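Remarks on the structure that follows.
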Amino acid sequence: MADMLESVDVELDTSGLNCPLPILKTKKALNTMLSGQLIRVVATDPASSIDFAAYCAQTGHQLVEECCENGRFIFVLRKK
């Protein structure tokens, strides 16, 4: 994950927010980004893992990386 942090274009912390807010805030941020850019999203909602996988499958954005650290779910998405 350390290598990916250096190349991330946008950081988004959605800690404390529950579904669907992490996805909605991510969608809003992605709308301001260029194709191919990376966004790193931090979430605390346990359902976010399922939500982000489904969101990427539906929208065509790539889920580059996903991990869980100390109860925080971290997602790196590449905008389509």
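The values are calculated or read from the model by the stated rules, or taken from the named source; none is laboratory data. Please read these numbers as outputs of a predicted model, since none were measured by experiment. Reconstructed Cβ throughout: ideal geometry from the backbone, glycine too, with neighbour counts over all protein chains shown. These area figures cover heavy atoms from the full protein model, side chains too; ligands, DNA and RNA do not enter into them. Shrake-Rupley method; radii C 1.70, N 1.55, O 1.52, S 1.80 Å.
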Anything in the range 52-80 that is part of a strand (DSSP E or B) and under 19 Å from residue 37 (Cβ atoms)? List them, or say none. 62, 63, 64, 65, 66, 74, 75, 76, 77, 78
The condition of being over 14 Å from residue 13 (Cα atoms), of a type in the set (Gly, Ala, Ser) and part of a loop (DSSP other than H, G, I, E, B) holds, among 35, 49, only for 35
Tally, over the range 31-42, of residues that are β-branched (Val, Ile, Thr) and open to solvent by 40 Å² or more (accessible area, probe 1.4 Å): 1
Given the criterion without any contact (Cβ under 8 Å) to a residue 60 or more places away in the chain, among the acidic types (Asp, Glu) and crowded, with 16+ Cβ neighbours inside 10 Å, identify the matching residue among 45, 13. 45
Output the qualifying pairs, or none if there are none: Cβ atoms under 6 angstrom, residues six or more apart or on different chains, first residue in the range 57-79 and more than 17 Å from residue 15 (Cβ to Cβ) and of a type outside the set (A, V, I, L, M), second residue exposed (fewer than 15 other Cβ atoms within 10 Å of the Cβ) and modelled with pLDDT under 95. 65/4
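Has the range 11-22 got at least one residue that is of a type in the set (Val, Ile, Thr), assigned to a strand (DSSP E or B) and at pLDDT 95 or above? Talk me through it step by step, then tell me what you get.
Within the range 11-22, the subset of a type in the set (Val, Ile, Thr) is 14.
Among the residues that remain, those that are also assigned to a strand (DSSP E or B) are: none.
No, every residue in the range 11-22 fails to be of a type in the set (Val, Ile, Thr), assigned to a strand (DSSP E or B) and at pLDDT 95 or above.
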Here are 28, 80: which of them is touching a Gly at 6+ places or on another chain (Cβ under 9 Å) and surrounded by fewer than 13 Cβ atoms within 10 Å (Cβ to Cβ)? 80
Name the single residue that is farthest from the chain's Cα centre (by Cα) among those in the range 48-68 being hydrophobic (A, V, I, L, M, F, W, C), open to solvent by 40 Å² or more (accessible area, probe 1.4 Å) and closer than 19 Å to residue 7 by Cα. 64
